[in-house]
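Following: one structure in structure tokens, then a few remarks.
What follows draws every value from the coordinates through simple rules; no lab data is involved. The structure presented is a predicted model; accordingly, all values stated were derived computationally and were not measured. Backbone-built Cβ (ideal geometry, glycine too); neighbour counts: all protein chains shown.
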């Protein structure tokens, strides 16, 4: 297995490019004994940690597939490139991976902006691609954006909002909370997703009132004004979509004011190891969604996978890791079903395919007809200051998720 | 706009206490950064765009020292002293070469330092955000004073910042070194002619400026996330403070920083959707009515 970082032109790339110009490689490639899988992700910059955790998971999973004989008998060769998180760069690299490097399959580990750009390249080239990081629902939900050979192995915004909405409503009912405030970052993600969550919270508990909205700027150093405003508004609960460094600042500064003993915080973004390990004083009694934890699903297989990852890379896996590992497992299963490591045939085999998975809520994950996954472990729980950080995790009900998701799709004109 | 909430807050002692103390803490941390900025401008007429980098490095120095020693006091000292030394190096090796040249050259040097040290931070501490965590001594519940909430940690920060303001004020007004600094701000040639070593003086000014910014970064490290580039937003607000207070005036920057903190603190209650606009609006009004800032001297 070979990994190639950086995007400098190399002799081999040039040669491959020249070969591409002669339009012969496809025939030559089919007889090769290895199948090249291209992966582009964010390996440098502020969220390099996520891209690296994707690459690690891909390496680990591909080694396993290769040890078991490869993709329908062909060994996988992984080619990794850094997009630096820039959508135009992601699209360029995706094209180059296929046209110049001879990759037959793409694993796209880009955030949404990059994934949508890659999707158009995939539409153009007709190559098999699995998106492993984009959570924006329309990527697969919107038939205008969907592509026959593109799939998604990642949680979806709308599914998270349904489960988070249901859980929040349930806790609010149990604790007799109706007065909510919101505190989310002041840009498209923060505003749109907050609205989506609130819609579902109100669907489950219509008497919820939002009495204050606070919109801190992305990366603002001081949250004191946001925190004191929340204290003055006296909500019973705060719904927040802050994440990463902003979430850490907010929690640390909120602790100084004992904010979280006065209000319960609901935040879907806390349950991922990089955040949990960085926040030095996780508040007791707040609520978070789980993105990836070795304890959820609480099965020996999941624990084993997490431990193997930690031992190998000396760091914790992330949400992007399990999604990437699942994508490789789907490639393996699709090649078995299709009887060949052929992108086109595998793309036809994928819809409706169910695999055994450590990350499935019942040990299985299904690739649905709409090219996105179902039955992965999705849940919310209580936060505690010490590991495992989130306890009493309640899994979402996939029957309910599917029902409300279909309703949501109808409302948006997707079906 | 929510004037009822603002009126309700002003008439409730609890809200007044909470908002006033939070305004003070926001303002005073800003003052520490702005004081150095304005001091450097006052004496050297250099607009130090790299000042945010001093703040950032101060925080990272503190983080590493805290992780190594476990002492917050040592961390703050390291941030402050480390950045004082860094300020001297920055002045001697880089910016002093651009004294008297056009402002673009100074800007270019400062911007280069910002970019280089953002990348140095990425290489040394990583691109991800870091968090120092609250020192155990301050992991205590907040005080409830007259129904308002006042965090003990912030009381300490307010105390330190006020002490710094006092020492700085007294040093500038009453000591020989302070008099030289003020004289150099008015007429550097004459100070030089009188046989005073201005090279040393300028390095000293940068040491104090850097030390103050580093102190602010280190003091705030337990509650603010550390990221490469974190100095940027602090720099912008510090410029607003120096402009409102009057470029070169320490007292002006103290008053302006506290005013800014109060606008933020009470603005968020009364005008939650345009607190930033309030601050810029205030700056515009000051600049129209007093173009040199609240405490600025007329330029002769």
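May I ask for the angle, rounded to the nearest 10°, between helix B:103-125 and the longest principal axis of chain B, with both axes built from Cα atoms and the value confined to 0 to 90°?
60
Note down the nm distance, to one decimal, between modelled labels 7 Å out along Cα→Cβ at residue A:173 and at residue B:67.
Modelled inter-label distance: 4.6 nm.
Put a dot 7 Å past each Cα toward the Cβ at residue B:274 and residue A:262; how far apart are the dots in nm?
2.8
May I ask for log10 I(q)/I(0) of the range B:23-86 at q = 0.23, 0.25 Å⁻¹, from a Debye sum over the Cα atoms as equal point scatterers with solvent left out?
Ignoring solvent entirely, the Cα scatterers give -0.98, -1.05.
Among B:262, B:56, A:324, rank each residue by its count of other Cβ atoms within 10 Å, from fewest to most, as a rough exposure measure.
Ordered from fewest to most neighbouring Cβ atoms within 10 Å, B:262, B:56, A:324 come out as B:262, B:56, A:324.
What whole-number value in cubic angstrom gives the convex hull volume per residue for the C-alpha atoms of the range B:162-207?
It is 68 Å³ per residue.
Please give the length that would be gained between residue B:92 and residue B:173 if that part of the chain were fully extended, namely 0.36 nm times their separation in residues minus their C-alpha to C-alpha distance (nm, one decimal).
So the extension gain works out to 26.5 nm.
Considering just Cα atoms, how many Å³ per residue does the convex hull of the protein assembly as shown enclose?
174
In Å, what Kirkwood hydrodynamic radius results for chain A from the alpha-carbon pair distances?
22.1
Work out, in µm²/s and without decimals, the Stokes-Einstein translational diffusion coefficient of the range B:204-250 at 20 °C, 1.002 mPa s, Rh from Kirkwood over C-alpha pairs.
Here the translational diffusion coefficient equals 179 µm²/s.
Rounding to the nearest 10 and keeping the result within 0 to 90°, find how far the Cα-based axis of helix A:157-174 lies from the longest principal axis of chain A.
The answer is roughly 20 degrees.
Summarise the partner chain shielding of B:266-273 as one whole number: the mean count of Cβ atoms from other chains within 10 Å of each residue's Cβ.
The mean count of partner-chain Cβ atoms within 10 Å per residue comes to 4.
What does the structure give for A:213-225 when I average, per residue, the other chain Cβ atoms found within 10 Å of the residue Cβ?
6
For peptide B:103-112, what's the mean number of Cβ atoms from other chains within 10 Å of each residue's Cβ?
Taking all residues of B:103-112 together, the mean is 0.
How many angstrom lie between the Cα centre of the range A:349-384 and the Cα centre of the range B:216-232?
Each part reduced to its Cα centre gives a spacing of 39 Å.
Go ahead and run the numbers for FRET between residue A:397 and residue A:67, Cβ-Cβ distance against an R0 of 35 Å, rounding to 0.05.
The pair residue A:397/residue A:67 has a calculated efficiency of 0.45.
Which order results if A:184, B:71, B:253 are arranged by neighbouring Cβ count within 10 Å, fewest first?
B:71, A:184, B:253
Given all pairs of different Cα atoms, what value in angstroms does the Kirkwood hydrodynamic radius of chain B take?
19.9 Å is the Kirkwood radius here.
Please report the antiparallel percentage of the DSSP beta bridges confined to the protein assembly as shown, to the nearest 5.
If I count the DSSP bridges inside the protein assembly as shown, around 35 percent turn out antiparallel.
For all pairs of alpha-carbon atoms in the range B:96-135, what percent lies in each bin of width 10 Å, listed from the first bin to the last filled one?
26, 31, 23, 16, 3
R0 = 41 Å: FRET efficiency of residue A:148 with residue A:210, Cβ-based, nearest 0.05?
It comes out at approximately 0.50.
Using per-residue counts of other Cβ atoms within 10 Å, averaged over each peptide, order A:394-407, B:205-218 from highest down.
My ranking of the peptides, most packed first, is B:205-218, A:394-407.
What's the FRET efficiency of residue B:196 with residue B:290 using the Cβ-Cβ distance as r and R₀ = 30 Å, to the nearest 0.05?
Rounded to the nearest 0.05, the efficiency is 0.40.
On a 0 to 90 degree scale, rounded to 10, what angle separates helix B:275-289 from the longest Cα axis of chain B?
With both axes taken from Cα atoms, the answer is about 50 degrees.
What is the fewest-to-most order of A:203, A:371 by other Cβ atoms lying within 10 Å of their Cβ?
Placing the least packed residue first, the sequence is A:203, A:371.
Mind ranking B:129-136, B:263-270, B:113-120 by how tightly packed they are, going by the mean number of other C-beta atoms within 10 angstrom, highest first?
Output ranking for B:129-136, B:263-270, B:113-120: B:263-270, B:129-136, B:113-120.
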